[in-house]
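The values are calculated or read from the model by the stated rules, or taken from the named source; none is laboratory data. Predicted model only: the values in this text are computed from it and were never measured. Here the Cβ is made from the backbone with ideal geometry for all residues, glycine too, and neighbour counts use every protein chain on show. Protein only, heavy atoms only, side chains kept; ligands, DNA and RNA dropped before computing areas. Shrake-Rupley method; radii C 1.70, N 1.55, O 1.52, S 1.80 Å.
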Amino acid sequence: KEDYQKFEQKREAFFKETQDIRTNLIEKERELQNELAKIEPDAAKASQLQKEISKLQSKFDQKRIDHMVEMRKLNPKGGRGYRSGGPMMGYGSYGGGGCWR
């Protein structure tokens, strides 16, 4: 029970710590979609938005890896990660849903 509580605390801390990154990612992706939906999209603006998205995604991915390593320390024999349907499944949705890019 204590291990589970530690696990949940770390998980919640990760989601709180990455909330701004996930929110910014969603906003930038929407901006890019809106720009590309225009009859005459601004290529420079779209490119800049994509660079910002890539930078945010990289930052999120690094935090995710750090979190996964930390979680592995709590439960070395857990063996579950984002690909096997474990607690990190759905990281591509920025909110812990079932989507995986």
Tally up the residues in segment 41-68 that are open to solvent by 70 Å² or more (accessible area, probe 1.4 Å), farther than 17 Å from residue 26 by Cα, part of a helix (DSSP H, G or I) and of a type outside the set (Gly, Ala, Ser), please.
3
Do we have residue 37 as open to solvent by less than 60 Å² (accessible area, probe 1.4 Å) and among the aliphatic types (A, V, I, L, M) here?
no
Among the residues of segment 11-21, write down those that are in a helix (DSSP H, G or I) and either in contact with a Pro (Cβ under 8 Å, 6 or more places away or on another chain) or over 14 Å from residue 52 (Cβ atoms) (or both).
11, 12, 13, 14, 15, 16, 17, 19
